[in-house]
Amino acid sequence: MALELPRGTERDLRKEGPLSPHPGFVPLQEFWADYLRAFFVYRHQTLDAASLASYLDSFFGALTAHRFDDLGALPIRGVGTECRNNTHERRPSICETHVGAVRGVLETHLGVPLEISYDPQPCRECRLHIAVRGTAKGDPVVARARRRDRVRLYDTPPTVVDTDTGRRTSVTRETLSLLGLLDDFTTARELSANHRLDLRRVASLLDYCLREGWIDHDFTTTSKSSVP
Amino acid sequence: MGARALAVDDGTLLTARAGLVLLKLFIPPHYYGSYLVFGPDGEPVGVIDEVDARVVAAADGRSADDLAVEVPAGAGLSAKQRLGKLVEAGLLVPGSGRVQVHWISPGEGTGTRHVGAGAKTFVRYFYDYFGGAFHETSPLIDSDRDFLGHLSPFFPEGEEVLCLDAGCGSGHYARAVAQRGHHVIACDINLERLGNALALQELRGKIQPLQSDLERLPLASGSVGFVMSNFVLEHVADPYAVMAEFARVLEPDGTLLLAVPNLSLRDTLASWLDGELPSLNFEHLRSFGLIPHTHPWCEPILDVLRFLDEHGVRVEVVQGVGITTGLWEPWASAISSVEASLAPRFSTTWPWNCLGEQSVIFGRKVR
C-alpha cells in the first residue's frame, strides 16, 4: 500500500500560503502528527484496523509490524511487534516520531484529539494505548454532537436535506430519529440511553452523520467547563 | 534533553544551548520557514517558528527582558510564553556569552551548499535519526523502485567493470548492477543500510560494502569504471564536493550516472505564474531545477552540468522523467503537442530535459 501525496491536496496547501505556523515550540510528536494530518491520503475514506496497520507498515518500512484492535471505539489498543527501536539503545526521538505519525493518522480519521501512551516490552513488542486526549488536569473529555443549522429532517419518507447545497439524502428511520434526538441530547451515551440503539451503533451513526456534514462536534470535560 | 521548568524572570540571562543544529523547513502550510531542531546529542527535539529562531539566534547571554524585543506584537504567543517554552524544551539555558549553534538554511552566495563542521554534523545527525525511524520500503527513504528502468540503459555493458554506488541505501541499484556481472562498491554513510545492501546471498563477492562520507572517498584517483549516485545529491551537505570526488575516482573513459529530484515543469510554472509555494521534502537539502530561485532550496541544474564539465566529465545525456506530470490546461495540451512532435527525443531535448520531476544525468570522464 503505497504512500502518495495527493497532488490536488498539495496544491491546496500551497495556495493557502504560509499560514501562520504554530507559534512557539512544537514538540517532535506534535510535528509528526501535524505532518500526517496534512498528508494523510485516507482523509475521506473509512479506515479499518487492518488497512491502518498496513498503511503504517508502509510508511515506516521495516521499523515494526503494526496490529490494531477494532477502531470502532476508543480506547484503541495496538501493538508494534519486532520494533527495531525497542532495544537497549532505544531512542525516544524515534518513539515520539512513530507515535506522532500514528496519532496524526488516527486523529484525521476519527476527528478526535487523541493521546497515545506506549509501553515497550522486553520481547521488542510495544503496546499502544490510544484514548481521547484529556484536559491538562486529566479530566475525561466527552464529545458533544450538534446538528448543523442547515439540516432539515423529513419524516415521510425519512430524508435529510442540506439547505445550503439542496442535497436530499434518504436515510433509515434510526438515523432520522437519532438526528432528531440531538435537539435534546448531545453525547453518545445520552443518545443511546434515549434510543433503542446500543452505544456502538449510536457512535457509528454519529460518525456517518459527521462524514455527511450533518453534525459537528466539540470536546468538553464532563463538567462542561472547558475545551481541551 | 529533558524538559526543564524554569521561571523566566525579566533579568534572567539566557543563551542558546551549545551545539544545537537547526534545519530550515519548507512544509506548507504550518511549517514554511520553521526550523527542525536537533540537540547537541544529535536527537531531534521539535520545531520552532521564525520568531523563536530569531530569539535563539539573539540569545548570547542577554536578559529575558532584552530578548523580548525579538518577539513582534501579534506573534501568537507573548515573549514570556515563548521564552518559557524554549527554556522548558532545553533550547535556551541560563548563561552568558555566545555559543556555537549551526543553522542549515539556504544562504546568499552559498546557495544550497553547506560546508564546515555544522553541515557535517547536521548530515550525521539527520540521517542517523531518519534511518532509525524509517526503514527499508518506507517511501521516505527508498526511491521508487520503478525508476530502475530509467537508469539501467546507462549501466555498463560487457566486461566486468569496477563500479561505485555512492549512497547505496537499500542496495536496490547496486544489486541490479552486480547482477549484470560487475563488481560494485556499495557506499553509504549509514552502517545499518549497508548491511541490508549486502543481504542477497547469491551476490556475495560481487558487492563490497564501504562506509564513507561521500565528500572524502577512500578510493584511489582514476580507479573506478562506473560511478552512480541515485537520489543522493539532494541529501549531502555539499553536492559539488561530492561530484568532485566522483570525477576524481573515475578512470579515463569511465562513466557517471546521477539521478536527482527536480523542480518539474508544473512546479516551475505554478511558482512563477501562480505564486504557488513549492514544498520540499524536509529530508532534502535541495531540489534541482532549470530556473534559479524557483525555490529557496533550488540548485540550478545548469551549474551542475557546468561543474561536471569543468572537472573533466563530458555530459552526454540529460534526461527528464515525468516532464508532463501534473500539468493543467492549457499547458497540458500545449506541452503534449511538443512532446508528440519531438518524440522520442522529447525527454532529452533542451529545455524539456531539465523540467522533469526527476533528472537523469549521464557523463563520461574525458580528461
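Within chain B, antiparallel bridges make up roughly 55 percent of the DSSP beta bridges whose residues both belong there.
Counting only other chain Cβ atoms within 10 Å of each residue's Cβ, the peptide B:42-51 averages 6.
Entry for the stretch B:217-285 at q = 0.26 Å⁻¹: log10 I(q)/I(0) = -1.12, Debye formula applied to identical alpha-carbon scatterers, no solvent contribution. Per residue, the convex hull spanned by the Cα atoms of the protein assembly as shown amounts to 192 cubic angstrom. With a threshold of 32 Å on the Cα-Cα distance, the over-threshold entries among B:K120/B:K206; B:K85/B:K120; B:K24/B:K206 are B:K24/B:K206.
Per the Cauchy relation, a quarter of the hull surface: what is the mean projected area of the convex hull of the alpha carbons in the stretch B:106-257, in nm²? Orientation-averaged projected area of the Cα hull: 9.4 nm². Using the rule -39500 (n - 2.57) for each DSSP H run of four or more residues, divided by the residues of chain B, the 222 nm mean residue ellipticity is -8000 deg cm²/dmol. Is the stretch B:111-179 rounded, prolate or oblate when judged by the Cα gyration tensor, a ≥ b ≥ c being the square roots of its eigenvalues, rounded requiring a/c under 1.5 and prolate requiring a/b larger than b/c? Because a/c hits 1.5 or more and a/b exceeds b/c, the stretch B:111-179 counts as prolate. When the alpha carbon coordinates of chain B are projected onto the principal axes, the ranges are 73, 53, 36 Å, largest first. Remark on the stretch B:23-143: Rg and Dmax equal 15.8, 49 Å (Cα only). Within 10 Å of the Cβ of each residue in B:125-138, the mean number of Cβ atoms contributed by other protein chains is 5.
Laboratory data are not the source of any read-out in this text; all were calculated from the coordinates shown. Because the structure is a prediction, the values reported are computed rather than measured. Here Cβ is always computed from backbone atoms with ideal geometry, including for glycine, and neighbour counts include all displayed protein chains.
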